[in-house]
Amino acid sequence: MFEFGVKDIAAIVKIDFDIEQGPVLKEVKKLDENFNVNIEDLFVNIYLWFMGGSLDKPKPRFIAFDEFSIAAFIKEMEVTCVFIKGNDGLEKSMSHIREIVEKIERGEPITEEKKVTKSITRRRRRRRRRR
Amino acid sequence: MGTVKVSFVGLPGVGKTTIIKLLTGAPPPLEYRPTIGFDLGKISFGEHEVSLFDLAGHERFRTLWPQILKGSTLVILVTDSTPVNVLQSKKILEELKKIDGYRVIAIANKQDLPGAMKPNRVQDLLEVPTYGLVAIDPRERVKMYHILMKEFKKLALEVK
């Protein structure tokens, strides 16, 4: 769906949890000076996004925004967030997902997966013939 | 049949989540695991569906409270019945009084612990109806149901 490399990492943020205050910003490491997301303003929300509710409920590991994405690595109560620049493929993937949803809403069959399987099978047959 | 919103507030670690688990019939948590932001439980109560909102007591989450408390029929302030906690809870209560429109009661939880203040003493300090509870004891579930039933009746919600 998305492809990211080291060059795409904009910042690494560690958020810990204090038993009285709640989330506390432990460490911010900016790797891209042009990255201008205000972490101070956002870290409580970020903690809520990744850890919200009771701890035994499912939690997201990756959240994509228009301008950036966040991958989260959770260790007990501490969340390490990796901010990734850009959103290569997000718009394309989203419009593709929207098309599928619209098909489902209209009650049309979703045949895309079958097509992919067929094309793979055809390629395999061709290869076998060549051999 | 209507939905009733009941919100639980209080300082961290006083037993809000444990009370909700008690009401929903889930086993009590064996260790303290803080609620982040808020959590939600549901029970059926007569003809009503009761949404139980568990609001995290940590300072940084309290800015969320006014929004989450909106539409609550009943707000339950939970204390762990220690003198320090009850006094700190009184400050929370003063903040709650600024937001009008719901009835507030208190639970003096952890009555089994040594040094726990009696519910009537807690009530004198908080000046809201206060009920004693031991939320980690599953047998207290009936008691908690009775508390809700009594309060719903006061709020003129018909419970059959």
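The values are calculated or read from the model by the stated rules, or taken from the named source; none is laboratory data. Since we're looking at a predicted model, the values are computed, not measured. All Cβ positions, glycine included, derive from the backbone under ideal geometry; neighbour counts span all protein chains shown. Heads up: the accessible areas ignore ligands, DNA and RNA and are worked out on the full protein's heavy atoms, side chains in. Shrake-Rupley method; radii C 1.70, N 1.55, O 1.52, S 1.80 Å.
If you build the convex hull over the alpha carbons only and average its shadow over all orientations, what do you get for the stretch B:113-160? Give it in nm² to one decimal. Kindly include the intermediate steps, with their values, before the conclusion.
Numbers: hull surface 16.9 nm².
For the stretch B:113-160, the mean projected area of the Cα convex hull comes to 4.2 nm².
Would you mind counting up the charge near B:Asp100? Only other residues with Cβ under 15 Å from its Cβ, with Lys and Arg at +1 and Asp and Glu at -1. Numbers along the way, then the final one.
Numbers: positive: B:Lys70, B:Lys97, B:Lys98, B:Arg103; negative: B:Glu94, B:Glu95.
The answer is +2.
Counting Lys and Arg as +1 and Asp and Glu as -1, each charge on the Cβ, what is the dipole of chain B about the Cα centre in debye, to the nearest 20?
Working: 23 positive and 17 negative charges, 27 e Å.
Taking the Cα centre of chain B as origin, the dipole is about 140 debye.
Give me the inter-chain shielding for B:5-16: mean count of other chain Cβ atoms within 10 Å, whole number please. Kindly include the intermediate steps, with their values, before the conclusion.
Details: counts 0, 0, 0, 0, 0, 0, 1, 5, 2, 0, 0, 0.
Across the residues of B:5-16, the mean count of other-chain Cβ atoms within 10 Å is 1.
Determine the calculated [θ] at 222 nm for the protein assembly as shown from helices alone, applying -39500 (n - 2.57) to every DSSP H run no shorter than 4 residues and normalising by the residue count; nearest 500 deg cm²/dmol. Kindly include the intermediate steps, with their values, before the conclusion.
Values: 8 runs with 101 residues, N = 291.
Taken over the protein assembly as shown, the calculation gives -11000 deg cm²/dmol.
Whenever you get a sec, compute what percent of the accessible area on the stretch A:6-86 sits on carbon and sulfur atoms (1.4 Å probe).
Ligands and nucleic acids excluded, carbon and sulfur reach 50 percent.
Output the pairs from A:Lys59/B:Lys154; A:Lys75/B:Lys16; B:Lys21/B:Lys150; A:Lys85/B:Lys70 with a Cα-Cα distance over 29 Å in this structure; if there are none, say none. Could the numbers behind the result be given before it?
Numbers: A:Lys59/B:Lys154 39 Å; A:Lys75/B:Lys16 24 Å; B:Lys21/B:Lys150 20 Å; A:Lys85/B:Lys70 37 Å.
Cα-Cα > 29 Å for A:Lys59/B:Lys154; A:Lys85/B:Lys70; rest within.
Sorted from largest to smallest, which semi-axis lengths in Å does the alpha carbon gyration tensor of the stretch A:1-58 give for its equivalent ellipsoid, taking the root of 5 times each eigenvalue?
Over the Cα atoms of the stretch A:1-58, the ellipsoid semi-axes are 24, 16, 9 Å.
Accessible area per residue of chain B at 1.4 Å probe, in Å²? Mind dumping the intermediate values first?
Numbers: 7810 Å² over 160 residues.
Accessible surface, normalised per residue, equals 49 Å².
Find the sum over both chains of the accessible area lost when A and B are paired, probe 1.4 Å, and report it in Å² to the nearest 100.
Numbers: alone 10260 and 8510 Å², together 17380 Å².
Roughly 1400 Å² of accessible surface disappears when A and B pair.
What FRET efficiency would be calculated for the residue pair A:Asp16, A:Glu67, taking the C-beta separation as r and a Förster radius of 30 Å, to the nearest 0.05?
Plugging the Cβ-Cβ distance into 1/(1 + (r/R0)^6) gives 0.70.
Using a 1.4 angstrom probe, figure out how much accessible area the stretch A:6-86 has per residue, in square angstrom, rounded to the nearest whole. Intermediate values should be presented prior to the final figure.
Values: 4640 Å² over 81 residues.
Averaged over the residues of the stretch A:6-86, the accessible area is 57 Å².
At a cut-off of 10 Å², which residues of the stretch B:56-83 become less accessible once all protein chains are present than in their chain alone, using a 1.4 Å probe?
Residues meeting the cut-off: B:His58, B:Glu59, B:Arg60, B:Phe61, B:Leu64.
Would you calculate the volume per residue, in Å³, of the smallest convex hull containing every Cα atom of the protein assembly as shown? Mind showing how you got there, number by number?
Numbers: hull volume 62.0 nm³, N = 291.
Hull volume normalised by residue count: 213 Å³.
Looking at A:Gly52, A:Leu25, A:Leu42, which one has the Cα that reaches farthest to the positive end of the dipole of the stretch A:13-54 (charges on Cβ: Lys, Arg +1; Asp, Glu -1)?
Most positive-ward Cα: A:Gly52.
Dipole magnitude of the protein assembly as shown about its Cα centre, charges +1 at Lys/Arg Cβ and -1 at Asp/Glu Cβ only, in debye to the nearest 20? Mind showing how you got there, number by number?
On the way: 50 positive and 40 negative charges, 463 e Å.
Dipole about the Cα centre, nearest 20: 2220 debye.
Using a 10 Å cut-off around each Cβ of peptide B:26-33, what is the average number of partner chain Cβ atoms that fall inside?
Values: counts 0, 0, 0, 3, 0, 0, 1, 4.
If you average over the peptide's residues, the count of other-chain Cβ atoms is 1.
In whole angstrom, and with the biggest value first, how far do the Cα coordinates of chain B range along each principal axis?
41, 35, 30
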